[in-house]
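The values are calculated or read from the model by the stated rules, or taken from the named source; none is laboratory data. Please read all numbers here as calculations on a predicted model, not as lab measurements. Here the Cβ positions follow ideal geometry from the backbone for every residue, glycine too, while neighbour counts run over all protein chains shown.
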Amino acid sequence: MPPPTPVIKNNLENGIKFRTQPKFSWETIQSLGSMGGGINAGIAKVRTKDDPLNRVFIEKRFESKHIDFKIAHREIALLHQVGDHPHITTMIDHFVDEKAKKASVYMEFCDMGSMMDAWLKIRKGKDRVNEHKLWQWFVQTMDALVYCHRGHKPDDERAVMNWARIYHRDIKPGNILLMRAEVDGKMQVVAKLADFGLAQSDEWTSQTKDRSSASRASAGTPGFDQPEFPRFSGNSDVYQMGLVFVCMCGLRGSPRSRQNPQGLQWNKDRPAGSGYSKELNSMLKWCLTSDPKSRPEALDVLKKLKSTYNGIKTQLPPDNQPLEIFDQPSSGHNPQIPQPMPFPGVGQPMFQPDFGQLPRRPGPPRHVLSDPEVGRIGRMPNDYVDFVNGRRSPPEFVAGGQPIGGSPNDMAHMLEDDYDELERYGGLDSRLLGGFHPHRGYFPPFHPYR
């Protein structure tokens with residue numbers, strides 16, 4: 001029997017229930033399939049008539065078993081917790097209908113695909129990413145990881161103690177999305193950490209009263225598994241992030257690992273290769289330290305990334321294509337710089353992401369989203385009282401005395417069999433290139449964010 005409907009409680013004892021119907025009225029533009037399996041029942045491009053700018057968003061639907069085992073609830077809760085970070089995909093809306101066995105999460109659309117799309121081109125040996133972009137994306141995604149691990153005050157140990165730490169556990173090129181956005185007054189390509197379907201929260205594992213089982217729960221993608229797999233910790237995410245950037249520097253195939261022994265071995269002394277600076281090679285080598293006890297934490301990596309890049313960026317080759325992923329655009333012509341759309345005037349409806357009136361994260365640039373008015377969310381009214389009540393606090397998952405994710409054994413079994421199965425049979429690129437599954441037969445290529 002599945003667990004009862006969960007309630008999230010924060011430290012202020014404010015009960016928060018999940019929305020049973022979406023806040024906005026959504027229209028499907030294009031169905032993109034279900035990626036041949038995984039923790040979704042289909043992904044689609046959608047619009048809402050409530051949006052004055054008529055933008056495209058992404059809907060991720062959940063299967064009934066993901067509702068029964070509260071996986072949909074968990075992913076929505078985690079996106080709510082960290083979705084206000086500028087380099088984590090933003091949740092716009094959601095609903096969970098327990099009776100109808102339907103649930104969806106609606107997110108911003110990233111218009112330049114994923115790092116997987118870029119890596120497939122890099123592997124052919126004809127495209128190269130400018131080193132400035134690699135440093136910028138590395139800083140952005142590591143900052144997102146620090147937020148997951150330590151919250152909005154990463155240097156304040158007291159605040160960190162009260163933060164519900166999140167481990168992503170499935171960082172790979174396909175889960176880092178790219179989009180054009182304005183940063184410090186300039187348009188550029190930015191990176192966003194996505195897909196929290198396999199993420200774990202300290203709050204959830206504490207409710208199971210069995211952290212050791214949760215820390216060994218299988219997750220991730222073969223080739224991107226850390227040496228200590230199946231155990232994981234915060235610096236396991238750091239290792240996976242390092243592997244992503246090894247791929248973006250030109251690795252010609254899936255990385256070799258214990259779960260992928262046929263993969264390609266990268267140069268452990270120069271993981272970025274000879275085409276990039278010794279400083280970038282040094283940073284990746286540090287992140288890819290085999291011993292998890294010696295591997296750095298995300299916050300240490302972020303600080304060193306920033307200081308190192310600031311020290312060498314004037315010496316690096318200039319980035320002459322700031323709005324393209326590669327040094328030379330594939331179309332062979334210079335792109336036109338997109339102009340920001342005007343902010344809706346008086347009398348026009350305000351369209352808002354659904355993370356509520358949350359305290360803004362001190363320090364980093366303003367919220368980087370796909371449209372300018374969302375960047376001003378801090379000055380907007382927000383009536384999302386069904387899901388947000390007051391300030392954000394570390395959530396406590398409660399469901400009749402049971403954790404919302406089911407038992408660790410149930411979770412590990414389902415995630416192992418359902419999520420990783422296709423990629424174990426079809427290889428790292430099976431979702432994007434298509435492949436053959438021994439029980440489900442042939443499944444076609446799928447590009448989730450195009």
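Table: residues versus (1) out of contact with any Gly (no Cβ under 7 Å at 6 or more places or on another chain); (2) of a type in the set (A, V, I, L, M, F, W, C); (3) assigned by TED's automatic domain parsing to the domain that holds VAL190.
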{"position": "ASP68", "(1), (2), (3)": "yes, no, no"}
{"position": "GLN81", "(1), (2), (3)": "yes, no, no"}
{"position": "VAL96", "(1), (2), (3)": "yes, yes, no"}
{"position": "ARG158", "(1), (2), (3)": "yes, no, yes"}
{"position": "TRP163", "(1), (2), (3)": "no, yes, yes"}
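Taking the range 100-118 as the range and being over 17 Å from the mean Cα position of the chain (by Cα) and either within 25 Å of LEU316 (Cα to Cα) or buried (at least 24 other Cβ atoms within 10 Å of the Cβ) (or both) as the test, only ALA103 passes. Of the numbered criteria (1) at pLDDT below 95; (2) outside any loop (DSSP other than H, G, I, E, B); (3) acidic (Asp, Glu); (4) closer than 18 Å to GLN240 by Cβ, the one ASP143 fails is (1).
Sort out which residues of the range 260-276 are in a loop (DSSP other than H, G, I, E, B) and surrounded by fewer than 18 Cβ atoms within 10 Å (Cβ to Cβ), and write them in order of number. Explain how you work it out, then say what you get.
Restricting attention to the range 260-276, the residues satisfying the condition of being in a loop (DSSP other than H, G, I, E, B) are 260-263, 265-276.
Those that are in a loop (DSSP other than H, G, I, E, B) and surrounded by fewer than 18 Cβ atoms within 10 Å (Cβ to Cβ): PRO261, GLN262, GLN265, ASN267, LYS268, ASP269, ARG270, GLY273, SER274, GLY275.
Here the condition is being closer than 17 Å to MET179 by Cβ and touching a residue at least 12 places away in the same chain (Cβ under 8 Å); of ILE76, ILE58, ILE71, ILE67, it holds for ILE58 alone.
Residues checked against (1) at positive phi; (2) basic (Lys, Arg); (3) surrounded by fewer than 22 Cβ atoms within 10 Å (Cβ to Cβ); (4) at pLDDT 95 or above:
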| site | (1), (2), (3), (4) |
| --- | --- |
| HIS132 | no, no, yes, yes |
| ASP155 | no, no, yes, yes |
| LEU177 | no, no, no, yes |
| ARG180 | no, yes, yes, yes |
| VAL183 | no, no, yes, no |
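Against the criterion of being touching a residue at least 60 places away in the same chain (Cβ under 8 Å), assigned to a loop (DSSP other than H, G, I, E, B) and out of contact with any strand residue (DSSP E or B) (no Cβ under 9 Å at 6 or more places or on another chain), ASP84 qualifies. Output the residues belonging to the range 277-295 that are among the hydrophobic types (A, V, I, L, M, F, W, C) and in a loop (DSSP other than H, G, I, E, B). If the condition is that a residue be among the hydrophobic types (A, V, I, L, M, F, W, C) and in a loop (DSSP other than H, G, I, E, B), then LEU288 is the only one that fits. Residues in the range 259-275 that are in contact (Cβ under 8 Å) with a residue 24 or more places away in the chain and closer than 24 Å to LEU145 by Cα: GLN259, PRO271, ALA272.
Go through the range 309-332 residue by residue and tally those that are part of a helix (DSSP H, G or I) and either surrounded by fewer than 17 Cβ atoms within 10 Å (Cβ to Cβ) or not assigned by TED's automatic domain parsing to the domain that holds PRO227 (or both). Steps first, please.
Of the range 309-332, the ones part of a helix (DSSP H, G or I) are 309-315.
Still in the running and either surrounded by fewer than 17 Cβ atoms within 10 Å (Cβ to Cβ) or not assigned by TED's automatic domain parsing to the domain that holds PRO227 (or both): 310-315.
So the answer is 6.
Of the residues making up the range 17-31, one or more are at pLDDT below 90 and either within 30 Å of ALA164 (Cβ to Cβ) or hydrophobic (A, V, I, L, M, F, W, C) (or both). The numbered conditions (1) modelled with pLDDT of 95 or more; (2) within 19 Å of MET116 (Cβ to Cβ) are all true for TRP286 except (2). Just one of the listed residues (VAL105, VAL96) is in contact with a strand residue (DSSP E or B) (Cβ under 6 Å, 6 or more places away or on another chain), under 16 Å from ASP195 (Cβ atoms) and in a strand (DSSP E or B), namely VAL105.
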